[in-house]
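Student: Mind having a look at this structure? Questions to follow.
The values are calculated or read from the model by the stated rules, or taken from the named source; none is laboratory data. As the structure is a computational prediction, the values presented were derived from the model and not from experiment. Neighbour counts are summed over all protein chains in view; Cβ atoms, including those assigned to glycine, are modelled from backbone coordinates with ideal geometry. Ligands, DNA and RNA are excluded from the accessible area calculation, which covers all protein heavy atoms including side chains. Shrake-Rupley method; radii C 1.70, N 1.55, O 1.52, S 1.80 Å.
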Amino acid sequence: MIAKSQKHWIGEVADLLRVGEGFVLSSVDPSSTPGYTNDKAQAAEDLASGAAQLDELQERLYAQSRTGASDASVLLVLQAMDSAGKGGIIRHVVGSVDPQGILLTAFKKPTDEELAHDFLWRVAKRVPEPGFIGVFDRSHYEDVLIGRVRGLASPDEIERRYGAINDFEKRLTDAGTRVVKVMLSISYEEQRSRLMERLDRADKHWKYNPGDVDERAQWPHYMSAYQTVFERTSTEYAPWHVVPADRKWYARLAVQALLLDALEGIDPQWPVATFDVEREKARLAAT
């Protein structure tokens, strides 16, 4: 089954954006639109078409789990540099489905309690139950990105974490969770433009954090850390996908397509009635 929103794509979106052997992050053009053959106006129509299908598939997934017929769930992991568009993905893609079936977690600086445990302790508590789409707005990958760039953990500990992450995600997928890992790739120039817009507009001052400029100064180190993440943790069971994000409309459409692909792979079905439908119609009509 091909999603309506995917009719203007050339090739499978998941394959086009997948991080495979020999992948080099610096070779990705953040302003490109890999595989998509139309423009921004058509993308808006495709996004709306895909939203209807995503909504139905999510409801099927939820309904199927309520009857105990399936343990399947989806986990969307969103990673990016500041201002790359994670919030827009959550609003315009994830936000198109029933919020009752969504578990959203925005991982912030660890609390003292969380620091007293292994770095995956707080993450394991937020994985989606059967029937849910979980969304990590930043994730356990912060512990090998900012942890490495800012020296918050020793090199040996960072090395251990790569393996721990792979083991953790293997357990998730073995239990029935489809893990969709997305890095939104924004250019250095586009980030400056978006951050400047936040300073130019009073209605966006609340989104600006002076620390963003400090992190921006570490850009080459973050790109190197991401490259290592891809090399160490893009696995067959939980591959990474790098989505060019300078064009917000493309990034949203691409992430929607990746979610549709994951849900279509699960192929959730409406639960079959456990009662005599015609008899219940007759009983109800008689009241």
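Student: Inside region 175-280, counting only helices (runs of 4 or more DSSP H) that do not spill past its ends, which hold 3 or more residues that are at pLDDT 95 or above?
Tutor: 188-200, 219-233, 248-266
Student: Do we have any residue at all in region 77-92 that's touching a Phe, Trp or Tyr at 6+ places or on another chain (Cβ under 9 Å), surrounded by fewer than 19 Cβ atoms within 10 Å (Cβ to Cβ) and more than 25 Å from Ala175 (Cα to Cα)?
Tutor: no
Student: Follow-up. Quick check on my filter: what residues within region 80-138 are polar (S, T, N, Q) and farther than 22 Å from Trp249 by Cα?
Tutor: Correct list: Gln100, Thr105, Thr111.
Student: May I ask you to list the residues in region 255-273 that are of a type outside the set (Gly, Ala, Ser), touching a residue at least 60 places away in the same chain (Cβ under 8 Å) and surrounded by fewer than 13 Cβ atoms within 10 Å (Cβ to Cβ)?
Tutor: Answer for region 255-273, where residues must be of a type outside the set (Gly, Ala, Ser), touching a residue at least 60 places away in the same chain (Cβ under 8 Å) and surrounded by fewer than 13 Cβ atoms within 10 Å (Cβ to Cβ): Gln269, Trp270.
Student: Taking region 196-241, which residues are open to solvent by less than 80 Å² (accessible area, probe 1.4 Å) and among the aromatic types (Phe, Trp, Tyr)?
Tutor: Once the filter is applied, which keeps residues that are open to solvent by less than 80 Å² (accessible area, probe 1.4 Å) and among the aromatic types (Phe, Trp, Tyr), region 196-241 yields Tyr208, Trp219, Tyr222, Tyr226, Phe230, Tyr237, Trp240.
Student: What are the pairs with Cβ atoms under 6 angstrom where one residue, in region 142-157, is in contact (Cβ under 8 Å) with a residue 12 or more places away in the chain and over 16 Å from Trp121 (Cβ atoms) and the other, located anywhere, is in a helix (DSSP H, G or I) and hydroxyl-bearing (Ser, Thr, Tyr)? Sequence gap at least six, or different chains.
Tutor: Val149/Tyr222
Student: Is one or more of the residues making up region 177-189 over 28 Å from Thr33 (Cβ atoms) and either of a type outside the set (D, E, K, R) or surrounded by fewer than 18 Cβ atoms within 10 Å (Cβ to Cβ) (or both)?
Tutor: Within region 177-189, one or more residues are over 28 Å from Thr33 (Cβ atoms) and either of a type outside the set (D, E, K, R) or surrounded by fewer than 18 Cβ atoms within 10 Å (Cβ to Cβ) (or both).
Student: Hey, can you tell me all the residues within region 95-111 that are open to solvent by 60 Å² or more (accessible area, probe 1.4 Å) and either part of a loop (DSSP other than H, G, I, E, B) or β-branched (Val, Ile, Thr) (or both)?
Tutor: If the condition is that a residue be open to solvent by 60 Å² or more (accessible area, probe 1.4 Å) and either part of a loop (DSSP other than H, G, I, E, B) or β-branched (Val, Ile, Thr) (or both), then Asp98, Lys108, Lys109, Thr111 are the ones that fit.
Student: If you don't mind, there's one more thing I want to ask. Could you grab the pairs with beta carbons closer than 6 Å, sequence gap of 6+ or different chains, first residue in region 62-79 and in a strand (DSSP E or B), second one open to solvent by 20 Å² or more (accessible area, probe 1.4 Å) and of a type outside the set (Gly, Ala, Ser)?
Tutor: Ser73/Pro130; Ser73/Phe132; Val74/Arg178; Leu78/Lys86; Leu78/Asp137
Student: Continuing with this model, one more query. Any residue in region 44-59 that is touching a residue at least 12 places away in the same chain (Cβ under 8 Å) and in a loop (DSSP other than H, G, I, E, B)?
Tutor: No.
Student: Quick one: would you say Ser193 is of a type in the set (S, T, N, Q) and crowded, with 16+ Cβ neighbours inside 10 Å?
Tutor: No: the conditions fail for Ser193.
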